[in-house]
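Engineer: Once you've had a glance at the structure underneath, I'll fire off some questions.
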Amino acid sequence: MDAVFVQLSLPPLVIGVCAAVACALPGNFLLLRRQAMLGDAVAHVVLPGLVLAFVVTGSLAAPVMIGGALGAALLSVALIEAVRRLGRIEPGAAMGAVFTTLFAIGVVLLEVTGASGVHLDVEHALMGNLESLIWFDATGWASLLDPAALAGLPPQLGRMAAVLFMVILVLWLLRRPLAVATFDEGFARATGQRPGLVGMILVALSAAAAVTAFEAVGAIIVIAMFTAPPAAARLLTGRLWTQVRLSALIAAISAILGYVLAGHGPLWFGIPHAVSAAGMIAVVAGIILAGAAAFGPHRRRSGAFVTS
Amino acid sequence: MNAIGRFVETPLEESPLAIRGLSAGYGGLPAVLDADVTVAPAALTAIIGPNGAGKSTLLKAVLGLIPRQAGQVTFWGMPLVQARSRIAYVPQRASVDWGFPVTVMDVALQGLHREIGLLRPIRAHHRARAQQALERVGLAELAHRQIGALSGGQQQRVFLARALAQGADLFLLDEPLAGVDAATEDAILAVLRALRDEGRTVVAVHHDLSTVAAWFDRAVLLNRRVLAEGPVGLALTARTLQGAYGGRLPAEAGGLR
């Protein structure tokens, strides 16, 4: 039983939690900056990135694909910023304009370069393959201390953990400028801080988290985790850093509960086969958000007067 | 085209804020054109003019928040980068989302960002200074409130407290007295006067001609161009006001001679 758990369930659980938390943490600031659509945007622009990376290198290896996706994500971020500033329109509209355009270019590229003959699995991109991230070399808990077995861990685990560590580190280092830049950009600039640079770092960090999570667990988790846990946490507290911590907790709970429910939940209803873990994780996050929206102590309309 | 009335005695290098030939705007037609202003030290100066005259634009261009198309700005004869630590800025209250999840104390502490730095922990003496600033604006009891739970006037005072915590010599305020309650009006005016009496310089965008003479020492009359500058009684005359407001001169300005 232990061996089976460590082999089959532990890696997807850890990867799922890392991916969920890595997306939820920067999501807090994106939400407060009204850039919550960024996860959605990145999930779309990944397509032209993947196609171009394949066309240029002829390889489908993970580092090449991640590099292409990250390049496309950063390009889209720069384009969104350019459209927002030059067009002087709100960030959401700029994102919508850029990511649909780039996604469309990706589709066209796929057609004209002949890359469409290559296996690009839509279901895989959407749902990820969390359940397939298994650890063949594990024989039980003792394998966690066995270097030979550890070498056989799914590579997504190391990548996702590294990105999560980077996300936490950068947010910790920039905690003060990030808060000021998000709350009052004019004041931050007038006092000689660099809110533009801080915003760029945040968005680049979010893109890195999104692309890595996208490859490991699929687009649904990425999009859900950028928005649902931060939004739910915002409804539960009026303190920024409590919100950030709560969002990480909600993301982790969603990942664990969603994974377990996907595997075992259907059996309780007499349905013999499991459902998609990625889908179930997003559903759990959505249910938590609905609960917070219905009962959270900090429900309010933006700008409205409340007494606390 | 020059100002109709200019009453300036301060030399440029002694002026906390001297503007020469400044044109600025968001691209296209500049919202402020060829502005010359020499702010007098230790005085309360109002930037006044009709809606859309470029009052906020002037303030933001001075701070480099929007692009300058032409002209120079000096602070005590120095460029902005050298004077930045001596300047406090109070943006328009409506420019931020007051639903942001921070407390009154958190916002006041933002004024101390230079001393606190990026990573060092916030010390008791930092909190004490932020608390002092909150006391000056009458918000000492509300330090741990969430900012969204404050009234509009209280929010304006939080912004002023953050600027006070900076300990600056020049205060630039964008409409600090617009749409606030009487208690806030009194509190803010008392603080601004105390700052002036300490030898600090206050420049505030102001929209209300009926109060400018009672509340401010000097005025800059703006309608894209600077039409007059000097002590309120000299700068705001029937002739200069006519030039700025045209036929739209509000009746209450009649008291200004």
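The values are calculated or read from the model by the stated rules, or taken from the named source; none is laboratory data. Remember, it's a predicted structure, so these values are computed and weren't measured experimentally. Glycine gets a Cβ as well: all are built from the backbone with ideal geometry, and neighbour counts include every protein chain shown. For accessibility, only protein heavy atoms count, side chains too; no ligands or nucleic acids. Shrake-Rupley method; radii C 1.70, N 1.55, O 1.52, S 1.80 Å.
Engineer: Across 20 Å bins from the origin, how do the percents of Cα pairs in chain A run, short distances first?
Structural biologist: 32, 57, 12, 0
Engineer: In nm, give the distance between the simple-model label positions of B:THR211 and A:ARG194, each being 7 Å from the Cα along the Cα-to-Cβ direction.
Structural biologist: 4.0
Engineer: If you don't mind, there's one more thing I want to ask. Each residue of segment B:30-37 in order: what ³J(HN,Hα) in whole Hz does its phi give by Karplus 6.51 cos²θ - 1.76 cosθ + 1.60, θ = phi - 60°, with x for Gly and Pro?
Structural biologist: Ordered by residue, 3J(HN,Hα) equals x, 7, 10, 10, 6, 7, 10, 9 Hz.
Engineer: Show me the helices of chain B, taken as full DSSP H stretches, that run 24 Å or more along their long axis by Cα and average -1.0 or above in Kyte-Doolittle hydropathy.
Structural biologist: Values: long enough: none.
Correct list, ordered by number: empty.
Engineer: Would you calculate the separation in nanometres between label points at B:LEU234 and A:ILE287, each defined as 7 Å from the Cα along the Cα-to-beta-carbon direction?
Structural biologist: 7.6
Engineer: Also, I was wondering about something else. What is the extension gain from B:MET78 to B:GLU185, computed as 0.36 nm multiplied by their sequence separation minus the C-alpha to C-alpha distance, in nm to one decimal?
Structural biologist: Working: separation 107, 0.36 × 107 = 38.52 nm, distance 3.28 nm.
Result: 35.2 nm gained on full extension.
Engineer: Taking 4 °C and 1.567 mPa s as the conditions, I'd like the Stokes-Einstein D for segment B:117-194 in µm²/s, using the Kirkwood hydrodynamic radius from alpha carbon pairs.
Structural biologist: Values: Rh = 13.2 Å.
Taking Rh from Cα pairs, D becomes 98 µm²/s.
Engineer: Under the rule that an exposed site lies in a DSSP loop and has at most 16 other Cβ atoms within 10 Å, name the longest stretch of chain B with no GluC sites (Glu not before Pro) of that kind, not counting the sites themselves.
Structural biologist: Numbers: sites that count: B:GLU9, B:GLU198.
My reading of the result: B:10-197 is the longest stretch.
Engineer: List every residue whose amide H lies under 5 Å from the amide H of A:ARG299, counting only residues 5 or more places away in sequence or on a different chain, with H placed 1.01 Å from N in the peptide plane.
Structural biologist: none
Engineer: Counting protein heavy atoms only and a 1.4 angstrom probe, how many square angstrom of accessible surface do chains A and B bury in total, to the nearest 100? Mind showing how you got there, number by number?
Structural biologist: Values: alone 15360 and 11350 Å², together 23840 Å².
For A against B, buried area totals roughly 2900 Å².
Engineer: Which percent of the accessible heavy-atom area of the protein assembly as shown goes to carbon and sulfur, probe 1.4 angstrom?
Structural biologist: Working: 15000 of 23840 Å².
Percent of accessible area from carbon and sulfur atoms in the protein assembly as shown: 63.
Engineer: If you don't mind, there's one more thing I want to ask. Spelling out what I want: for every residue of segment B:199-215, take phi, set θ = phi - 60°, compute 6.51 cos²θ - 1.76 cosθ + 1.60 (Karplus), and round to whole Hz; glycine and proline get x.
Structural biologist: x, 8, 10, 10, 10, 10, 5, 9, 10, 10, 5, 6, 10, 4, 5, 6, 9
Engineer: List the residues, sorted by chain then number, that are 5 or more residues from B:GLN69 or on another chain and whose placed amide H is less than 5 Å from its amide H.
Structural biologist: The answer is B:SER23, B:ALA24, B:GLY25.
Engineer: Enumerate the amide H contacts of B:LEU17 below 5 Å, restricted to partners 5 or more residues apart or on another chain; note that Pro and chain-start residues carry no placed amide H.
Structural biologist: B:VAL39, B:TRP76
Engineer: Next question. Using just the C-alpha positions of the protein assembly as shown as equal point scatterers, what log10 of I(q)/I(0) does the Debye formula give at each q in 0.09, 0.11 1/Å?
Structural biologist: Calculated log10 I(q)/I(0) at the listed q: -0.77, -1.01.
Engineer: Cα atoms only: what Rg and Dmax, in Å, come out for segment A:176-282?
Structural biologist: Spelled out, the Cα radius of gyration and Dmax of segment A:176-282 are 17.9, 63 Å.
Engineer: Sticking with this structure for a sec: When every alpha-carbon pair in chain B is counted, what percent end up more than 32 Å apart? Write out the running numbers ahead of the final one.
Structural biologist: Values: 6955 of 32896 pairs.
That fraction is 21 percent.
Engineer: So if we plug the beta-carbon distance of B:PHE7 and A:PHE295 into 1/(1 + (r/R0)^6) with R0 = 60 Å, what FRET efficiency do we get, rounded to 0.05?
Structural biologist: Working: r = 63 Å, r/R0 = 1.05.
Calculated transfer efficiency: 0.45.
Engineer: Could you please put A:PHE187, B:PHE7 in sequence from largest to smallest accessible area, using a 1.4 Å probe? Kindly include the intermediate steps, with their values, before the conclusion.
Structural biologist: Numbers: A:PHE187 0, B:PHE7 70 Å².
In descending accessible area the options line up as B:PHE7, A:PHE187.
Engineer: Once phi is turned into ³J(HN,Hα) by the Karplus curve 6.51 cos²θ - 1.76 cosθ + 1.60 with θ = phi - 60°, what whole-Hz value does each residue of segment B:10-22 show in order, with x for glycine and proline?
Structural biologist: Calculated HN-Hα couplings, in order: 7, x, 3, 6, 9, 7, x, 8, 10, 10, 10, x, 7 Hz.
Engineer: How large is Rg over Rh for segment B:39-142, taking Rg from the Cα atoms and Rh as the Kirkwood inverse mean of 1/r across Cα pairs?
Structural biologist: Computed over Cα atoms, the ratio is 1.00.
Engineer: Same structure again: Taking each full run of DSSP H in chain A as one helix, which ones are at least 24 Å long along their axis (Cα atoms) and have mean Kyte-Doolittle hydropathy of at least 1.6? Before the final figure, lay out the partial values.
Structural biologist: Values: long enough: A:10-32 (33 Å, 1.99); A:38-57 (27 Å, 1.94); A:62-87 (36 Å, 1.42); A:91-112 (31 Å, 1.80); A:155-173 (27 Å, 1.86); A:195-217 (32 Å, 1.85); A:219-236 (26 Å, 1.80); A:240-268 (40 Å, 1.18); A:277-295 (27 Å, 2.29).
Going by DSSP H runs, the hits are A:10-32, A:38-57, A:91-112, A:155-173, A:195-217, A:219-236, A:277-295.
Engineer: Rounded to the nearest whole Å², what accessible area per residue is found for segment A:2-219 with the 1.4 Å probe?
Structural biologist: Values: 9330 Å² over 218 residues.
In whole numbers, segment A:2-219 has 43 Å² accessible per residue.
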